[in-house]
Amino acid sequence: MRVLGKRSIASFVKFILDTVWWAIAISLALLLILLACSTFLELRGNNLTMSVPVAVQLDNPIHSVGSEVSAHFEKLRGDLRFPARKGTFLFGSIALVVLMFGYVLWIVTQLRHVFRSLSQGSPFALANARRIRWVGFAVVFGEFGRTAIIYFWSYYTSLHFKADGLHFGAAVDINPITIVGGLAILAIAAVFQEGARLQEDQSLTI
């Protein structure tokens, strides 16, 4: 199977990206409707719930495992589900999710353009290098944004929720692998830019 051109791997990936783009776009539209409704709908008595990531610390983190080993629980992560309540936190949380979906939609849009060019047999174009560079920066800064949002949610739960034997804390959950992946995409963008320059020089020479 060919890598570039029609009926190639690139065209197949483009088809998948098109499908993902529409799925995200529809989800984003539904989230915008939910965001608008959250400002005036009365939520009491409804079954609408929220689920936010939390970091849990046990009051007694050391427990016996088996007959001779004591285990120490560290960095417990999970999701806290609770009834949604009309207010600033609900509106702000939905707005953050809308922002994240819009951010991902923009990234997928750039990738669609890149793979459309690849499926047409034109990989080394300056536009591709620029779009891939944007995706690389978006991945890096998006990870910092995701970390900030998760910190906001975990900080909120640490202030408003209590439980016997444990307490919720604000956690910074950054993924260094994602940042390294974003830097790798930036390196790939540099390769595409160099390829585009060489292709342009070759066309001028001919």
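The values are calculated or read from the model by the stated rules, or taken from the named source; none is laboratory data. All values derive from a computational prediction rather than experimental measurement. FYI the Cβ positions are ideal-geometry reconstructions off the backbone, even for glycines, and counts take in every protein chain you see. When the accessible area is computed, the model is the full protein with side chains, heavy atoms only, and any ligands, DNA or RNA have been set aside. Shrake-Rupley method; radii C 1.70, N 1.55, O 1.52, S 1.80 Å.
What to note about this one:
- Computed from phi, the 3J(HN,Hα) profile of the stretch 99-114 under the Karplus parametrisation 6.51, -1.76, 1.60 (θ = phi - 60°) reads 4, 5, 5, x, 5, 5, 4, 5, 4, 5, 4, 5, 5, 4, 5, 4 Hz, with x in place of Gly and Pro.
- The calculated FRET efficiency for Val172 paired with Arg85, based on their beta-carbon distance and R0 = 25 Å, is about 0.40.
- Accessible-area value, Met100, 1.4 Å probe, nucleic acids and ligands omitted, Å²: 60 Å²
- One decimal place: the segment Lys162-Phe40 gains 41.1 nm when fully extended, by the rule 0.36 nm per residue minus the C-alpha distance.
- Extension gain, Phe152 back to Ala127 (0.36 nm per residue minus Cα-Cα distance, nm): 5.4 nm
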